[in-house]
Amino acid sequence: MRPPENRLKFTLLAWLLWPLMGLLIIDTLATYGLSLKMSNLAHDRSLHEIAREVALHVKPLDGKPALTISNIAEQILLVDQDDRVRYRVWSRDGTALGGDPQLLQSRQQPPADGKALFYDDIVLGEKVRVAAAWLPFNEANMSELVLVQVAETTNKRQRLMLEILANVIVAQMLLIAMATAAVFFGVSRGLRPLSALARALAGRSHLDLSPIDPRRAPLEVRPLLDEVNALMLRLSGTLDMQNRFIADAAHQLKTPVAGLKAQIELALAETEPAEQRRSLGQLYLGAERLSRLVQQLLSLARNEPGAAQAVKFQRLDLNAFALEICMEWAPQAVRRAVDLGFEGSQSVMLNADPDRLRELINNLIDNGVRYSHQGGRVTVAVRSGNQREPVFMVSDDGPSIPVQERDRVFERFHRLLGTDRDGSGLGLAIVSEIAAIHAARITLEDDVDGTGNTFSVHFPHQAD
């Protein structure tokens, strides 16, 4: 089942309406209590007046109070078109003098100063409002009092309370509806820049990764646009790297593949077994050069700026690490009749990615062994430079690189004129990229004896 879409407009309205509805409920409860209080206050006075009228019909008789109200006066006094009214009169000794026997004496006595006590009760299953008061009945002696109780059902009170409550709630509901409409209109107007931005993005080409102008968007959305622009910048860099890799691969693979094709055609045309073997040998060498070229292209792509997201640095001893790799190169140096030596130091600790550091060292040693003449010398050295900077060095006695060419040798596919050695021109470019990943700098100088070159990789200061 597809989840409902989360729309910002309705989310904002919901966040506004939920608090308003909560306030409406709280206000309704408060208004209910207030309207009930106001309704009771308005009708309690009438009950108190009825109690006073009843008290006027109590007369002293033989020194005792007696209720002398006629039936007609009682009907006139208790008539009400909405509610049923009852009364009862009690003497001080608790004797009932008259009235409705269903109306029991209150457990809570009203004050003796004539003020009425109002309370709610149930009579014959009906909710009633009762007024009780001690009232004088003898004009000659105002201290003689009787207890008068008057009870009235609550129909008028409930109707007045509901009218007050309805008037308040309807006004508040109208106010909430107007506020909702105003907010809906305001939110719609406020989101118009986002709609315009969406239309502008929808009209873009898939190749257009230019940044979005954040000035056209609300201030609250600008952080999102900044992140989108940063993502586009990274995507643009990634696409540039991919395009450059494809261009490099197409440029470099075209010639070796054409050479392999020509050698295969030549081998197929040979009829002599010896010539066929010689052609197959050439094919093997061509395939080996092509394999090395592919490996270097992949290595170069893996170490592109921004593409080295999976770099895993760890603590290692540069001296022992370089010695191990140097020993792996010894058989090839012997085949080329090159004297490969190693000048170590004490333990030189370094934070580096082992795989990439191995590529860097392999490419520098390969460069030295490849371009040294037969019987030449290549020296690999590890030093601890000034301020405890680890330094890796490779010295050879190959052709000296002119000063004006020393920066260009680290460019892709750059080879010195007059060089007769096999190579793709990618080894030193790979070294440069890996050094950048490790925040190291590379220097190229003449060898100390004036013959050949010395490549030095200076790694940054290493904390303990």
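The values are calculated or read from the model by the stated rules, or taken from the named source; none is laboratory data. Worth saying up front: this structure is predicted, and the values here are computed from it rather than measured. Using ideal geometry, Cβ is built from the backbone for each residue, glycine included, and neighbour counts are taken over all protein chains shown. These area figures cover heavy atoms from the full protein model, side chains too; ligands, DNA and RNA do not enter into them. Shrake-Rupley method; radii C 1.70, N 1.55, O 1.52, S 1.80 Å.
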Please go through the stretch 74-105 and give me each residue that is out of contact with any Asp or Glu (no Cβ under 8 Å at 6 or more places or on another chain), part of a loop (DSSP other than H, G, I, E, B) and either touching a residue at least 12 places away in the same chain (Cβ under 8 Å) or aliphatic (A, V, I, L, M) (or both), ordered by number.
Val79, Asp82, Ser91, Arg92, Asp100, Pro101, Gln102, Leu103, Leu104, Gln105
Between residues in the stretch 49-62 that are more than 11 Å from Phe137 (Cα to Cα) and residues that are crowded, with 21+ Cβ neighbours inside 10 Å and aromatic (Phe, Trp, Tyr), which pairs lie under 9 Å by C-beta distance while being six or more apart or on different chains?
Ile50/Tyr87; Ala51/Tyr87
Note on the stretch 322-350: residues in contact with a Gly (Cβ under 8 Å, 6 or more places away or on another chain) and surrounded by fewer than 17 Cβ atoms within 10 Å (Cβ to Cβ) are Leu323, Ala337, Asp339
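Residues checked against (1) open to solvent by 80 Å² or more (accessible area, probe 1.4 Å); (2) basic (Lys, Arg):
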position: Ser91; (1), (2): no, no
position: Leu104; (1), (2): yes, no
position: Gly114; (1), (2): no, no
position: Glu126; (1), (2): no, no
position: Ser143; (1), (2): no, no
position: Arg157; (1), (2): no, yes
position: Leu162; (1), (2): yes, no
position: Ala166; (1), (2): no, no
Quick check: is even one residue across the stretch 180-195 open to solvent by less than 30 Å² (accessible area, probe 1.4 Å) and of a type in the set (Lys, Arg)?
no
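Residue-wise test of (1) open to solvent by 20 Å² or more (accessible area, probe 1.4 Å); (2) β-branched (Val, Ile, Thr); (3) at pLDDT 85 or above.
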residue: Arg388; (1), (2), (3): yes, no, no
residue: Val391; (1), (2), (3): no, yes, yes
residue: Gln404; (1), (2), (3): yes, no, no
residue: Asp407; (1), (2), (3): yes, no, no
residue: Phe410; (1), (2), (3): yes, no, no
residue: Ala436; (1), (2), (3): yes, no, yes
residue: Gly450; (1), (2), (3): yes, no, no
Any chance you could count how many residues in the stretch 202-238 are modelled with pLDDT under 75 and either part of a helix (DSSP H, G or I) or within 27 Å of Val187 (Cβ to Cβ) (or both)?
10
Got at least one residue in the stretch 252-261 being at pLDDT 70 or above, assigned to a helix (DSSP H, G or I) and out of contact with any helix residue (DSSP H, G or I) (no Cβ under 6 Å at 6 or more places or on another chain)?
yes
Residues (in contact (Cβ under 8 Å) with a residue 60 or more places away in the chain and either in contact with a strand residue (DSSP E or B) (Cβ under 7 Å, 6 or more places away or on another chain) or among the aromatic types (Phe, Trp, Tyr) (or both)) located in the stretch 15-41
Tyr32, Asn40
Among residues of the stretch 331-348 being in a loop (DSSP other than H, G, I, E, B) and among the β-branched types (Val, Ile, Thr), the residue farthest from the chain's Cα centre (by Cα) is Val338
